[in-house]
Amino acid sequence: MSLPRRLAAPPATWERDVDVVVLGSGAAGLSAALAVRPVRSVLVVTKDILSAGSTQWAQGGLAGVLDPSDTIENHVRDTLEAGAGLCDEDVVRELVTEAPKSIRYLMRLGAAFDPEQGGTDIALTREGGHSHNRIVHSGGDRSGAEVQRTLDESAIGAGVDVLGHAFALDLLLGTGADGERQAVGVRIGKTDEHGVLVSVGVVTARAVVIASGGYGQVFASTSNPPAVTGDGVAMALRAGLPVTDVEFVQFHPTVMWRGPDAVGQQALVSEAVRGEGAILYDGAGDRVMLGVHPLEDLAPRDVVAAAISRRMAEAPGGVDDHVYLDATHMGERFHERFPSITEACREIGLDPAIDRIPVAPAAHYACGGIRAGLDGSTSLRGLYAVGEVSATGVHGANRLASNSLTESVVAGTRVGRDLAWELPDRVPIDIEIDDPMDHRLLDPARLREVRAVMSRHVGVLRDEMSLSSAAGALGSIAHGMGSAKRTGAIDDEVRVEPSRRTWEGTNILTVASAVVAAARTRHESRGCHRRSDFPEPRAEWLRHLDVTLAADGALDVSDRPHT
Ligand code: SIN
């Protein structure tokens, strides 16, 4: 397989210089921009509008110890248990300790979290894997939208500059006086609102913060919105950085099932619904989680997703592609507590107060990504990664529910504050010898195939046969990528115009290939990576996998011990 080392685009015609450029506009990116803004010039680059990413869609909320009967150690223990041996305990403790502060910070910025019924204290709910009620929420199940609104208004109010409909193509690298390589900016494809290329430019900066989210759209069925296409992970690979533990794709157990042909973003049915006592049943009316885990329906989500997948494979009652979530014990209270889910149910003619909701697992969260500290620092000077795009050691092999918005605010704020204090030295861009237009792009007509391959062969349950089929199929799709240059030399060569769609498609193929390469290498089941040919975790696999993109466009996978 040979994957492109650059995203094809014509030469740059404009330039802009700032202290800090932030790529992405969800909770992590905006927290960073807001924290750095008082003393630095900062530009947020988003390929769409500010709220197009995953933050806006988060239902559950933010996890943090606010109840006096709960403790930091409880939250640490739950996070480590969900992470299945691959979390970094020190980093988890740092995050969990800062979590309550980050929630109070959002409240000071104006976030309205739901109060307890009839009271003034903040209401705390529970989700899978949590031993205590510790999740704050807003508007019932509109928690992410409130966080996005709060940060949008705060960042704009603070004078953060935003470049919308601007696709971050590739990092620009320089070399410091000490000979060390450094990120010094980013090449941008400015598009119109339909994603058609308008111009290419260069933004130079002393620090580049990648906060571009995960890669749920690599799969045919996902809870993630259309913009979540793995752009940051693919960009890091092209810059020669390793990406870590990308095989740990978390499948949310309960995404609304709207029929066998439904593809793209599907409505989430929050884990908080099970937190309120809802129960999973199979097509024959038997409970799915009984006897599977001591926490039953509130087991960590990797356990629930795997149990549902196994049960669907048995096709009880002839139903092999979904199960049912019964929240009817809540009655009419469901409508008020979960307004977005109620709306999604009504769209398919159901009332969750009286009907069971058809659900199935779907791609939800990337536990791996660009290896970074909780302060965003990466192995490349001048480059920082925060939020879902990063792998900080908080999530290990499986993220604990509602730790992600918390991590985004903590890590984003921390990187912003650090960069306000100190920036790397300014370094000129290294002269680039290759022409980006020489690199190939994915024909968007083949994107559906990539996603179908990933959902069919690299879903909740995997094995060598399914993964090698996926690798073969992706390899042949990569082989058929098109040329961006009109040389006229070969008549039947596929031509692909640089545009948001073709850049996203190329990123999706790149990330899908990295996920498959890592998933094939990890010969065990751990957290949200489940292999039916290696059904148990194995002590010798208490290791991390790093995938890199070599100069010839091939992917290399190496492992290192978990310390
Ligand atoms: C949910 O509400 O179930 C999703 C929360 C999360 O993914 O953390």
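Derivation of every value follows stated rules applied to the coordinates shown; laboratory data play no part. Source: prediction; values computed, not measured. For neighbour counting, all protein chains shown are included, and Cβ atoms are generated from backbone atoms with ideal geometry for every residue, glycine included.
Brief remarks follow.
- Here each label is just a point 7 Å from Cα along the line to Cβ, and for Ala313 and Asp355 those points are 3.0 nm apart.
- Remark: segment 478-563 projects, on average over all directions, an area of 8.2 nm² (convex hull of Cα atoms).
- Cα-based helix-to-principal-axis angle, 403-421 vs the chain, degrees rounded to 10: 40 degrees
- Ordering Thr521, Thr79 by the number of other Cβ atoms within 10 Å of each residue's own Cβ, fewest first, gives Thr521, Thr79.
- The residues Trp257, Trp57, when put in order of fewest to most other Cβ atoms within 10 Å, stand as Trp57, Trp257.
- Cα-based helix-to-principal-axis angle, 143-157 vs the chain, degrees rounded to 10: 40 degrees
- Three-way shape call for segment 410-563 based on the alpha-carbon gyration tensor, with the a/c threshold at 1.5: oblate
- Nearest 10 degrees, 0 to 90: helix 464-479 Cα axis against the chain principal axis: 30 degrees
- Inverting the pair-averaged 1/r between distinct Cα atoms of segment 163-240 gives 13.9 Å as its Kirkwood hydrodynamic radius.
- Label point at Asn133 placed 7 Å out along Cα→Cβ; residues across segment 252-278 whose backbone nitrogen lies under 20 Å: 270-278
- Between Arg456 and Arg108, the distance separating the two model label sites (each 7 Å from Cα on the Cα→Cβ line) works out to 5.4 nm.
- Full extension of the segment from Glu73 to Arg417, taken as 0.36 nm per residue of separation minus the current Cα-Cα distance, would add 121.2 nm.
- Descending principal axes extents, the chain, alpha-carbon based, whole Å: 64, 52, 47
- Computed over the alpha-carbon pairs of segment 87-178, the distance histogram in 10 Å steps reads 12, 31, 27, 21, 7, 2, 0 percent, short to long.
- MRE, 222 nm, helices only [DSSP H, n ≥ 4, -39500 (n - 2.57), over the chain, to nearest 500]: -9500 deg cm²/dmol
- Listing Ile477, Ile370 from fewest to most neighbouring C-beta atoms within 10 Å gives Ile477, Ile370.
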